[in-house]
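Structure first, then comments.
The values are calculated or read from the model by the stated rules, or taken from the named source; none is laboratory data. No experiment lies behind these values; they were computed from the predicted model shown. In this analysis, Cβ positions are derived from the backbone assuming ideal geometry, glycine residues included, and neighbour counts consider all displayed protein chains. With ligands, DNA and RNA removed, areas are computed over all heavy atoms of the protein, side chains included. Shrake-Rupley method; radii C 1.70, N 1.55, O 1.52, S 1.80 Å.
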Amino acid sequence: MAFNDLLQQVGGVGRFQQIQVTLVVLPLLLMASHNTLQNFTAAIPTHHCRPPADANLSQDGDLEAWLPRDGQGQLESCLLLTAPRQGPPFPNDTETNGTGATEPCTNGWIYDNSTFPSTIVTEWDLVCSNRALRQLAQSLYMVGVLLGAMVFGYLADRLGRRKLLILNYLQTAVSGTCAAFAPNFPVYCAFRLLSGMSLAGIALNCMTLNVEWMPIHTRACVGTLTGYVYSLGQFLLAGVALAVPHWRHLQLLVSVPFFAFFIYSWFFIESARWYSSSGRLDLTLRALQRVAWINGKREEGTKLSMEVLRASLQKELTMGKGQASALELLRCPALRHLFLCLSMLWFATSFAYYGLVMDLQGFGVNIYLIQVIFGAVDLPAKLVGFLVINSLGRRPAQMASLLLAGICILVNGVVPQDQSIVRTSLAVLGKGCLAASFNCIFLYTGELYPTVIRQTGMGMGSTMARVGSIVSPLVSMTAELYPSVPLFIYGAVPVAASAVTALLPETLGQPLPDTVQDMESSPQLLALAWTLHTQDAALLPSRRRGKPRRQEQEQQKQMVPLQASARENVL
């Protein structure tokens with residue numbers, strides 16, 4: 001636990017931290033664009049069936065003569081009359097010279113290109129019977145994010161944070177650029193999946209690399225800064241999509257900058273905390289001395305030596321030589337407890353978040369305006385979340401953000417459909433709370449897991465988030481049963497997850513654990529275990545379970561030293 005003292009010795013928050021944190025979070029501006037890019041590249045414009053090639057529109061009348069109407073009098077998008085209408089239609093859509101027989105669109109579609117000149121929907125006709133393919137592209141992207149969280153989270157604990165970031169920047173640049181030139185829909189989906197994998201690695205490693213180079217008192221600031229950069233990326237997407245409406249140009253514009261990120265990422269300094277947890281003390285010393293030189297603390301850097309590091313990090317070196325495997329998340333009771341609770345929080349946050357943000361056209365307002373509004377609400381939401389995180393702690397912030405988000409979505413489900421302003425306002429408020437929840441869960445997870453398995457734990461948490469984002473579009477299909485059913489489901493899950501937060505320890509002001517033993521000896525975790533034990537004892541008395549009075553008394557005597565130890569650690 002002495003690593004924080006070493007960071008303070010080489011400059012604390014100096015020039016190095018300011019430069020590297022800025023360069024590491026900069027790509028998150030475009031990561032936000034990639035996550036919700038299909039709101040614009042896969043937008044569905046107004047469309048109707050194309051009449052037969054031999055149709056004479058000038059003689060038969062305009063396009064409407066070939067189009068039937070639905071029960072509300074609106075032109076059908078996926079049906080075509082077998083013969084043009086010669087007169088005004090009757091209410092049941094029969095015309096004066098025929099029976100109103102219709103057929104599917106066999107000649108393609110005519111699209112309204114006034115708002116979106118070109119999207120993947122118009123280029124590959126992803127409408128009517130092919131409409132599900134549009135959602136398939138986004139789901140495959142989220143599958144890529146899920147795979148990336150599993151693979152790159154594990155590899156980062158083996159190979160280091162810096163190497164994975166370099167690889168992820170290059171993969172995003174190449175796959176995103178190739179997607180812009182995709183000749184057909186399957187190729188486009190394949191490159192989007194690869195982009196999702198690499199972007200998941202970027203999200204995980206940028207937060208971890210920054211947190212592990214920052215002193216304890218600044219970790220919340222770094223987490224909030226990361227969240228704000230992501231929110232600014234949503235503003236950027238709205239402006240760029242408005243200026244570049246063609247989907248191929250937009251896809252290319254948000255992908256090419258990752259080549260620049262790949263180039264300058266070679267100058268990043270690997271986490272010295274990861275080096276020490278891996279037992280590579282020589283590289284730890286070199287990294288700390290390099291940071292001291294950049295921060296203008298050259299004399300302090302020269303004072304560091306292998307002997308000093310061995311004395312300062314003796315416990316970390318003796319207890320954390322071996323890297324913990326992913327199975328430790330289930331094998332170790334303390335890690336298993338964290339894994340199950342955090343998985344629920346990650347799933348609920350992502351499930352409700354993408355249920356709201358991936359249906360911008362469903363609000364009935366300008367899609368660019370609602371994108372800006374959804375980005376703007378993040379600014380005050382994350383500021384409030386930052387204040388709560390720093391003053392009350394991570395656990396209250398996580399609980400409150402999920403609970404409020406769920407309540408807003410549930411209330412939205414009972415508001416009448418015609419009150420669009422109220423419904424949009426509640427959705428925006430709920431989205432802001434979920435954005436604050438995302439901001440907190442990234443920081444909270446990184447502080448709970450020990451260094452030897454931190455990226456694996458972050459990766460598994462992000463994996464559960466991707467499961468939520470994949471399941472979320474499927475839940476929207478329940479609107480066919482009743483329009484408000486998806487909202488009730490989207491709201492109930494975060495409300496239930498908020499209760500799970502009470503089972504996690506607080507990390508405000510606590511040093512980052514480097515080993516599993518550090519985490520198990522945490523005063524907060526001991527206090528939580530003591531509380532849970534006393535609650536279980538109150539709910540399930542030993543006598544009720546059929547144990548004799550003497551055995552109950554013996555067990556109470558055995559618990560006295562454990563309770564005293566927990567009290568001492570808390571104090």
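Order Ser129, Ser278, most accessible first, counting only protein heavy atoms with a 1.4 angstrom probe.
Ser129, Ser278
Please compute the modelled spin-label separation between Ala260 and Ala492, points set 7 Å along Cα→Cβ, answer in nm with one decimal.
So the label points at Ala492 and Ala260 sit 4.8 nm apart.
Over the range 90-227, what is the mean sequence separation of C-alpha contacts under 8 Å (at least six apart), divided by residue count, expressed as relative contact order in percent?
So the answer I get is 25 percent.
I'd like the distance separating the alpha-carbon centroids of the range 203-231 and the range 398-472, in whole Å.
Computed from Cα coordinates, the inter-centre distance equals 18 Å.
Can you give the relative contact order of the range 371-489 as a percent, counting alpha carbon pairs under 8 Å and 6+ residues apart?
29
Expected output is a single nm value to one decimal: the length gained when fully extending between Arg15 and Thr424, i.e. 0.36 nm times separation in residues minus the C-alpha distance. What is it?
142.9 nm
For Thr46 paired with Leu369, estimate the spin-label separation in nm (one decimal), with each label point 7 Å from Cα along the Cα-to-Cβ line.
Between Thr46 and Leu369, the simple spin-label model gives 1.7 nm.
Using a 1.4 angstrom probe on the protein heavy atoms only, could you order Phe438, Phe488 from most to least accessible area?
So the residues, ranked largest to smallest area, are Phe488, Phe438.
What figure, in Å² to the nearest 10, do you get for the accessible area of Leu508 with a 1.4 Å probe and non-protein molecules left out?
60
Once phi is turned into θ = phi - 60°, what whole-Hz ³J(HN,Hα) does the Karplus curve with 6.51, -1.76 and 1.60 give for every residue of the range 172-187, x standing for Gly and Pro?
Result, ordered by residue: 5, 4, 5, 5, x, 5, 5, 4, 5, 10, 4, x, 8, 5, x, 5 Hz.
Stretch Leu392-Ser114 to full length: gain in nm at 0.36 nm per residue minus the Cα-Cα span?
Length difference between fully extended and current span is 95.1 nm.
In cubic angstrom, how much convex hull volume per residue do the alpha carbon atoms of the range 153-224 span?
Considering the Cα atoms of the range 153-224, their hull volume per residue is 88 Å³.
Once fully extended, how much extra length lies between His217 and Ala101, figured as 0.36 nm per residue of separation less the alpha-carbon to alpha-carbon distance?
Once the chain is fully extended between His217 and Ala101, it gains 34.6 nm.
Quick check: with the 1.4 Å probe, what order do Val211, Val240, Val13 take by accessible area, largest first?
These residues rank, largest area first, as Val13, Val240, Val211.
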